[in-house]
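Comments concern the structure below.
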Amino acid sequence: MKAYEVLYIVKPTLDDEAREAVLDSIKNIITEAKGEVGEIDVWGSRKLAYPIEKFRDGVYTLVNFKADVEFPKELDRRLKISEDVIRHVIVAQEEN
């Protein structure tokens, strides 16, 4: 398994319960693919560099995880079709 991190931004109009549901969904996707969820860091609401879907702010969350090398493609596909996620990026972490 390889180490990755996904940083995603959700709409600022979502309540805490909806944001938690998005995070739970991502954790479920990772564990269903026999991956391991690591550290989760909620950065909170921040100003976007440029408007996305007419939003000027977004709620950032960083999730570290380990998974097979083919898995990020599936996670990327699912995050692209999510109504609540306005941007995301998946990055492979350096091996020490």
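The values are calculated or read from the model by the stated rules, or taken from the named source; none is laboratory data. Fair warning: this is a prediction, and the values are worked out from it, not measured in the lab. When we count neighbours, we look across all protein chains shown, and the Cβ atoms used for this are built from the backbone with ideal geometry, even at glycine. For accessibility, only protein heavy atoms count, side chains too; no ligands or nucleic acids. Shrake-Rupley method; radii C 1.70, N 1.55, O 1.52, S 1.80 Å.
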query = Which of the residues spanning the stretch 15-33 are crowded, with 16+ Cβ neighbours inside 10 Å and under 17 Å from residue 60 (Cα atoms)?
reply = 19, 22, 23, 26
query = Got a number for residues in the stretch 49-64 being surrounded by 14 or more Cβ atoms within 10 Å (Cβ to Cβ), over 19 Å from residue 16 (Cα atoms) and either touching a Leu at 6+ places or on another chain (Cβ under 9 Å) or modelled with pLDDT under 95 (or both)?
reply = 1
query = Are there any pairs with C-beta distances below 8 angstrom linking a residue in the stretch 24-38 that is free of Cβ contacts under 8 Å to residues at least 24 places away in the same chain to a residue that is open to solvent by less than 60 Å² (accessible area, probe 1.4 Å) and part of a helix (DSSP H, G or I), with the two at least 6 apart or on different chains, and if so which?
reply = none
message = On the basis of being under 27 Å from residue 94 (Cα atoms) and either among the acidic types (Asp, Glu) or in contact (Cβ under 8 Å) with a residue 60 or more places away in the chain (or both), does residue 60 make the cut?
response = no
inquiry  = I need the full set of residues from the stretch 31-41 which are out of contact with any helix residue (DSSP H, G or I) (no Cβ under 6 Å at 6 or more places or on another chain), among the hydrophobic types (A, V, I, L, M, F, W, C) and modelled with pLDDT under 95, in order please.
reply    = none
